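Peer 1: One structure coming up, written as structure tokens, with questions to follow.
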Amino acid sequence: MSWEILRAEFKKGFYNEEDMAVVISDSYDKCVKTGGGGSAMAPATGDKGGLLSMLSACFASYGTMPFGDALDTGLTLYWAGATAGPDIVTPGSTAGYVKKDNGELDDFIDQLIEGFDNYHKQIIFTLPSVPPIVTVGYKVDS
């Protein structure tokens with residue numbers, strides 16, 4: 001499972017000419033909720049709509065809004081908008097660089113997953129306990 005959900009759904013959506021903003025945001029949400037967790041559990045409800053809105057705006061702009069900027073803001077909205085689970089102290093800030101030109105679809109998907117993993121390393125959670133436990137990072141299994 002894990003990132004393989006995103007990989008499979010991305011390819012299916014791409015080849016079926018689906019709305020890729022919906023495909024990416026839905027797949028990302030599934031991966032976060034089912035793909036592992038590392039030292040912290042995923043929020044039960046992230047703001048998938050925030051990620052969707054930024055990616056939709058990016059794709060509608062036909063290149064005017066850089067994909068990397070939309071992804072960064074969308075991920076920040078996703079994690080800052082978490083309404084259940086551990087408290088998010090810092091939602092992260094950047095997913096990293098995704099090249100515009102890739103030789104293969106798998107190359108782009110690999111870069112997207114790497115960007116998600118880079119972003120997850122920046123998230124700081126507070127886990128409820130006495131005293132509260134602060135933990136850094138979230139891991140989705142490869």
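No lab work stands behind these numbers, since they all come straight from the coordinates. Computed from a predicted model, the values in this text were never measured in an experiment.
Peer 1: Calculate, in nm to one decimal, what Ala8 and Phe59 gain on full extension: separation in residues at 0.36 nm each, minus their alpha carbon distance.
Peer 2: Length gained, Ala8 through Phe59: 16.3 nm.
Peer 1: For Lys139 and Asp69 in the same chain, what is the full-extension length gain: residue separation times 0.36 nm, less their Cα-Cα distance, in nm?
Peer 2: This chain segment gains 23.0 nm when fully extended.
Peer 1: Related question: Filter the cross-link list Lys33/Lys121; Lys11/Lys121; Lys33/Lys139 down to pairs whose alpha-carbon distance in this structure exceeds 19 Å.
Peer 2: Flagged as over cut-off: Lys11/Lys121.
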